[in-house]
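The values are calculated or read from the model by the stated rules, or taken from the named source; none is laboratory data. Owing to the predicted nature of the structure, the values given are computational and were not obtained by experimental measurement. All Cβ positions, even for glycine, are placed from backbone atoms using ideal geometry, and neighbour counts span all protein chains on display.
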Amino acid sequence: MRKANEIKLSFEQPKQQKTRSEQIANLEGLINQLFKEFRAICSAWRQAWPNQETHDLAKDHWVKAFRDGKVHEWARVEQGLSKFRLVGSAFIPAPAEFIKLCTPEAQDLGLLPEQEAYDLACRDAYHISYNPSAKTNSPPEVYHTIRKIGASRLLQAKEGLSKAMFAKAYKNTVADVLSGKELILPPVAVIAAPRAAVDPELRVKRIAQLKQMLGA
């Protein structure tokens, strides 16, 4: 199996362990820059920070929230800002709301959107339930999720339940990629089969995506 931690992410966690004081100093720097961005984006920012005292208190809470939410890199903060700008809010968001925007989704990692992944999973689960080594054109993130749920279980569940199961499992797949865990991949022979009926354009697109994810 290929290791998901081979995927190179622009917002991956620092590789070297920092001391607590260094971590706090780093987070304070992130928050200082973030607050500058908020003042430029949010016209009503003074309602949140009417004076220096409330500003400093808010900064302390944001530092703790970033620490607990494991937001250590500006690349992740910028990702959250990019999404927040599209919201068009004049008000400062709550720390938890902003951290959610900083959390990568499937598309941010070059993976399929959840609904598209679910549709492929339902298509391939039927064949996989009868033959685990059956030919499948699904990308690794979909195959991994099917195997974690169980193909038969996914098929036997009612649509509402199967969607809920898949949504939860797919979020775990995204988390697996972020944390560097191994993905369960289809048999090599399936991926490499020259006679596989795959749309050439789709095949080139997926290979390019995987190469980019793997830093090739």
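Consider ALA94 against the criteria (1) closer than 30 Å to ASP60 by Cβ; (2) outside the structural domain of ALA58 (by TED's automatic domain parsing); (3) surrounded by 13 or more Cβ atoms within 10 Å (Cβ to Cβ): it satisfies all of them except one. Which criterion is unmet?
Answer for ALA94: the failing condition is (2).
What tally of residues in the range 103-120 results from selecting those that are at pLDDT below 90 and acidic (Asp, Glu)?
Residues flagged as at pLDDT below 90 and acidic (Asp, Glu) within the range 103-120 amount to 2.
Hey, any hits in the range 14-27 for a residue that's under 18 Å from GLU97 (Cβ atoms), of a type in the set (Lys, Arg) and at pLDDT below 95?
No, the range 14-27 contains no residue that is under 18 Å from GLU97 (Cβ atoms), of a type in the set (Lys, Arg) and at pLDDT below 95.
Being outside any loop (DSSP other than H, G, I, E, B), outside the structural domain of VAL177 (by TED's automatic domain parsing) and touching a Pro at 6+ places or on another chain (Cβ under 9 Å) narrows it down to one residue among LYS64, LYS59; which is it?
None of the other options fit; the residue is LYS64.
Determine which member of the set GLU116, GLU78 is without any contact (Cβ under 8 Å) to a residue 12 or more places away in the chain, not assigned by TED's automatic domain parsing to the domain that holds PHE38 and not in a loop (DSSP other than H, G, I, E, B).
Just one listed residue meets the conditions, GLU116.
Got a sec? Which of ASP56, ASP108, ASP60, ASP68 is closer than 29 Å to ILE149 by Cβ and of a type in the set (D, E, K, R)?
That would be ASP108, the only listed residue that is closer than 29 Å to ILE149 by Cβ and of a type in the set (D, E, K, R).
If LEU183 satisfies all but one of (1) within 30 Å of SER43 (Cα to Cα); (2) within 19 Å of the chain's Cα centre (by Cα); (3) modelled with pLDDT of 85 or more; (4) surrounded by 15 or more Cβ atoms within 10 Å (Cβ to Cβ), what's the number of the condition it fails?
(1)
Scan the range 155-170 for residues that are loosely packed, with under 12 Cβ neighbours inside 10 Å and among the small types (Gly, Ala, Ser) and jot them down.
Hit for the range 155-170 is GLY160, nothing else.
What's the number of the only condition in (1) in a helix (DSSP H, G or I); (2) in contact with a helix residue (DSSP H, G or I) (Cβ under 9 Å, 6 or more places away or on another chain); (3) not small (Gly, Ala, Ser) that HIS72 fails to meet?
Here HIS72 meets the rest and fails (1).
Got a sec? Which of SER138, SER129 is among the small types (Gly, Ala, Ser), outside any loop (DSSP other than H, G, I, E, B) and either farther than 15 Å from VAL174 by Cα or at pLDDT 90 or above (or both)?
SER129
Which pairs do you get when a residue that is under 13 Å from ALA106 (Cβ atoms), found in the range 158-173, comes within reach of a residue that is surrounded by 14 or more Cβ atoms within 10 Å (Cβ to Cβ) and of a type in the set (Val, Ile, Thr), reach meaning Cβ atoms under 7 angstrom, with the pair 6+ apart or on two chains?
PHE166/THR145; PHE166/ILE149; ALA169/THR145; ALA169/ILE149; TYR170/THR145; THR173/THR145
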